[in-house]
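Heads up, the thing below is written out as structure tokens.
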Amino acid sequence: MATVIPPPSKKQKKEAQQVREVDLVPKDLPNVLIKFQASDSGESIGGSIRVPGGITEKQLEELLNQLHGETAEPVPYTFSLLNTSDDDKKNNDQKLIDIKDNLYSSVLKPGIKTTEDFLTLVYTPRAVFKVRAITRSNAAIAGHGSTILCCQFAPNDSGRMCSGAGDSTARVWDCNTQTPLYTLSGHSNWVLCVAYSPCGTMIATGSMDNTIRLWDADTGKPIGNPLVGHTKWISSLTWEPLHLVKSGQIPRLASGSKDGSVKVWDTTTRNCSFTMNGHTNSVSCTKWSGSNIIYSASHDKTIKAWDISANGKCIQTLKSHAHWVNHLALSTDYVLRRGGFDHTSTKASSKKQSMDELIQKAKDQYEKVAKLNSTISERLVTASDDFTMYFWEPLKSSKPITRMTGHQKLVNHVSFSPNGRYVTSSSFDNSIKLWSGYNGSFVGTFRGHVAPVYQTAWSADERLLVSCSKDTTLKVWDIRSLKLSVDLPGHSDEVYAVDWSLDGNRVASGGKDKMIRLWSH
């Protein structure tokens, strides 16, 4: 029998009778004065320009490209209105309102500004390439004998992905042929975290057996003996950013553990360089920032900043949370993970580059993302069991910039978009929330999952977001419209780990059903 469409509900009938507003731009709308300002350097271009009040985003883009003299290869931009009061100026606070369709519907119609006001439009270059939304599962690859707990793509080649599982092994997968490449066996308990080095040559795995192991990413062979020193299991791993590595050396590794300590390891000699004690409970997350500071979040409700250039001295303790801190994210996370590679990198092309070239490229890419108004600004967001997040600029103050509230249950995971413009938070209240990456203000909510959301991953052009949940599905969200783009069922049980490759072609996910699934468009 064919499916019969149900009759319209009372609410739908009521909505159908209401007069619809058509978003038309009035014909007699006067011109407005605008000026363009760069989001990274804060420099203005072209002075003040008189434009029609209903100018569209496309027309603003064309105008800006003409001013830059880039008519042959136009760069795509997004525009936001700088809406700051006198108090905001004193506090050096920027309020940005995105221009979605045209100037009239985004700014003038809601009454944010009038045609009499002088408008400053902040422009941000968008990614030149466009990542297509993933729509189908290419492969479900068996191999792990237990729940998959973590997965990560290689920075230099989206054909390689590493996953860690409860069967005490990590596995490297060839995503082009959809087959397992190597099994990294050596741990005697669950593998809780895997991390590719930013130069793409090594993989670090942290396990419940209190050890960390290093592996050669090309051959899958172990590099020396395990790194021993922690007295409880390893909760997180973070590599030294590539642009901080001295010429002729390889990146160091930092680990956080359930024993409350953070250790920095020399990966050449495989010895512990120094240990940073100070937390009174387990360390849940560590991040090594581009300004050579390690941030560690802990179940003792604090976040500590350790200066690595001063041999791990604690320079800041951030206290505001009322419960465990589960996760933290840095505005430069994505660019630090990418190292000296970009969306065009392949295994062959990355081998031709010398380490010094990679370090230089990593430095350029880092500065591009880290600079805001021509100064390097690293922003931090922390997520907690107290249902809130805090937005910090730890190098400026030990007080949070904003308290980000709205979730109804604990917040499990936070992540900054590739160029730091947005933050997403995943919560056990089944929702994902989107926030501004500049000041932590609320942007919107993605609803659709019917069980706790565990993790999210950004596409390289920050137009899309993929999330994984206890409800066995992955969902792809459109950032611009704040709507669900694609729903991806396929797993037969909870999905714990998800990652989007750096060239945007693939997504990998794994969870309780012991299957690695690869998704593409």
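Worth pointing out:
- Rounded to the nearest 5, the antiparallel percentage of DSSP beta bridges internal to the chain is 95%.
- Cα gyration tensor, the stretch 15-77 - rounded (a/c under 1.5), prolate or oblate: prolate
- Ignoring lysines fewer than eight residues from residue 371 along the same chain, the ones with Cα atoms less than 16 angstrom from its Cα are 361, 363, 396.
- Taking all protein chains together, 250, 303 sort by accessible area into 250, 303, largest first [probe 1.4 Å].
- Protection proxy ranking of 213-220, 295-302, 176-183, by the mean of other Cβ atoms within 10 Å over each peptide's residues and highest first, is 295-302, 213-220, 176-183.
- Full-extension gain in nm, residue 311 to residue 19, via 0.36 nm per residue minus C-alpha separation: 98.4 nm
- Anisotropy class of the stretch 150-272 from Cα gyration tensor, a/c 1.5 cut: oblate
- In this structure, the pairs whose alpha-carbon distance is over 18 Å, taken from 258/287; 304/399; 58/483, are 58/483.
- Only protein heavy atoms count here; under a 1.4 Å probe, residue 73 has an accessible surface of about 150 Å².
- Taking a ≥ b ≥ c as the square roots of the eigenvalues of the alpha-carbon gyration tensor, the stretch 413-507 is classed oblate because a/c is 1.5 or more while a/b is no larger than b/c.
- Once the Cα atoms are used to define both axes, helix 355-370 deviates from the longest principal axis of the chain by about 40 degrees.
- Straight-distance crosslink candidates among aspartates and glutamates, where the alpha carbon sits under 16 Å from residue 35 and sequence neighbours closer than 8 are dropped: 43, 57, 61, 62, 98, 116, 117
- With all protein chains in place and ligands, DNA and RNA left out, the 1.4 Å accessible area ranks 514, 368, 13 as 368, 13, 514, largest first.
- Within the set (i) 64, 43, 26; (ii) 39, 28, 23; (iii) 44, 30, 26, the number that semi-axes √(5λ) of the Cα gyration tensor in Å takes when calculated for this structure is listed as (ii).
- What a 1.4 Å probe finds exposed on the chain is 49% carbon and sulfur by accessible area, rounded to a whole percent.
- Counting only DSSP H runs of at least 4 residues, each contributing -39500 (n - 2.57), and dividing by the residue count of the chain, the helix-based mean residue ellipticity at 222 nm comes to -3000 deg cm²/dmol.
- In the context of the full set of protein chains, residues of the chain present 44 Å² of accessible surface per residue (probe radius 1.4 Å, heavy atoms only).
- Taking 0.36 nm per residue of sequence separation and removing the Cα-Cα distance, the residue 98/residue 29 pair yields an extension gain of 22.8 nm.
- Candidate lysines for bridging to residue 409, where Cα separation is under 21 Å - those fewer than 8 sequence places away on the same chain excluded: 301, 319, 433, 470, 475
- The largest accessible area among 404, 208 belongs to the first residue in 208, 404, and the rest follow in falling order (1.4 Å probe, all chains).
The values are calculated or read from the model by the stated rules, or taken from the named source; none is laboratory data. Owing to the predicted nature of the structure, the values given are computational and were not obtained by experimental measurement. Using ideal geometry, Cβ is built from the backbone for each residue, glycine included, and neighbour counts are taken over all protein chains shown. Ligands, DNA and RNA are excluded from the accessible area calculation, which covers all protein heavy atoms including side chains. Shrake-Rupley method; radii C 1.70, N 1.55, O 1.52, S 1.80 Å.
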